[in-house]
Amino acid sequence: MQGVIIAYSAQKKYGFITGEDGDSYFFHRNHLKQPNTSPKKGLSVSFDPVPTPKGMAARQIEVNDKAPSCWVYHTPEEFITSNSTQCGRHHEVIAQGKRISYAAKSPVEVREGLATKAKIAGFNGLIQTAMERKTGWSKLNPNHRYTYHIFSGVPAIIRRKEAVTDKAVADASKIRLDAAVKSALSTPISNKEHDDGKLFAFIMSGVGILIFLFIVSNVLR
């Protein structure tokens, strides 16, 4: 069977091959016919599919004497959030913007708010995320304290790469990817933070004015 190496760990000496049938096959370097060959992601191979207790595996693997395969880039269906630079198996960060943040009372709201910011600009993920919990004080009422959260992250364009042999298909995919990257990186993202404490201060300032006017009107009677 023909296939393409889609992942390989040089340290652990194993990886995975996608066969021409679309299935995934585990392989170990010991099963290469050419022991001096270094497996690399994207290389075309031929192999014998063998069932094992843990799933299908590749045996008698022979690396074809070809250049690495061409690539197409698939957009993950879900918005990806990661507190590191890793974004899941088979996913790759293609481009990234500048760190942005969002502040609000609810930790759920800050996550959703930051994701919305990134999506509007054309990004489909956030990496190196961090959550902070802080305490604020009202300017008009020093005795009033409130807790709010700040969620920050680096907006990223994330794709799943698939090796193909059709250069025309790969070229079209690369054109679409380049256009998406250019659009996202050129779209400004507002880093203005929503803050429930400011809303409280605004409300309190209005209440304070009403109370002042009420006192003045009673004094003048």
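Only the coordinates and a few stated rules stand behind these numbers; no lab work does. Quick caveat: nothing in here was measured; it's all calculated off a predicted structure. Don't worry about glycine lacking a Cβ; one is built from the backbone with ideal geometry, like all the others, and counts go over all protein chains shown.
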Lysines whose Cα lies under 27 Å from that of residue 139, excluding same-chain neighbours fewer than 8 positions away: 105, 192, 198
Residues of type lysines that residue 40 reaches as a straight line, Cα spacing below 28 Å, ignoring anything fewer than 8 places off in the same chain: 12, 13, 54, 66, 161, 167, 174
Dipole of region 72-202, positive direction: furthest Cα of 135, 80, 96, with charges on the beta-carbon: 135
Relative contact order %, region 2-68, counting alpha carbon pairs below 8 Å whose residues are six or more apart: 32
Volume per residue that the Cα convex hull of region 89-154 spans, once the total is divided by residue count, Å³: 96
In region 135-179, trypsin sites (Lys or Arg not before Pro) in a DSSP loop with at most 11 other beta-carbon atoms within 10 Å: none
Positive dipole terminus of region 72-202, leading residue within 146, 185, 168 (C-beta point charges): 146
Chain lengthening between residue 50 and residue 30 when straightened (0.36 nm per residue, less Cα-Cα): 5.7 nm
Burial ordering of 50, 63, fewest other beta-carbon atoms within 10 Å first: 50, 63
Cα-derived Rg to Rh of region 2-68, Kirkwood definition: 0.92
Zone of residue 128's modelled label, taken as backbone nitrogen in region 137-173 under 16 Å from a point 7 Å along Cα→Cβ: 151-158
Total charge dipole magnitude, region 2-68, about the Cα centre, Cβ charges on Lys, Arg, Asp, Glu only, Debye to nearest 20: 400
Per residue Cα convex hull volume in Å³ - calculated over region 72-202: 94
Proximal charge balance of residue 5 [Cβ under 9 Å; K/R count +1, D/E count -1]: +2
Cα pair distances in region 1-113, grouped into 10 Å bins until the bin that holds the longest one, percent each: 12, 35, 25, 15, 10, 3, 0
Estimated FRET transfer efficiency (residue 13, residue 78; beta-carbon r; R0 30 Å; 0.05): 0.45
Burial ordering of 14, 25, fewest other beta-carbon atoms within 10 Å first: 14, 25
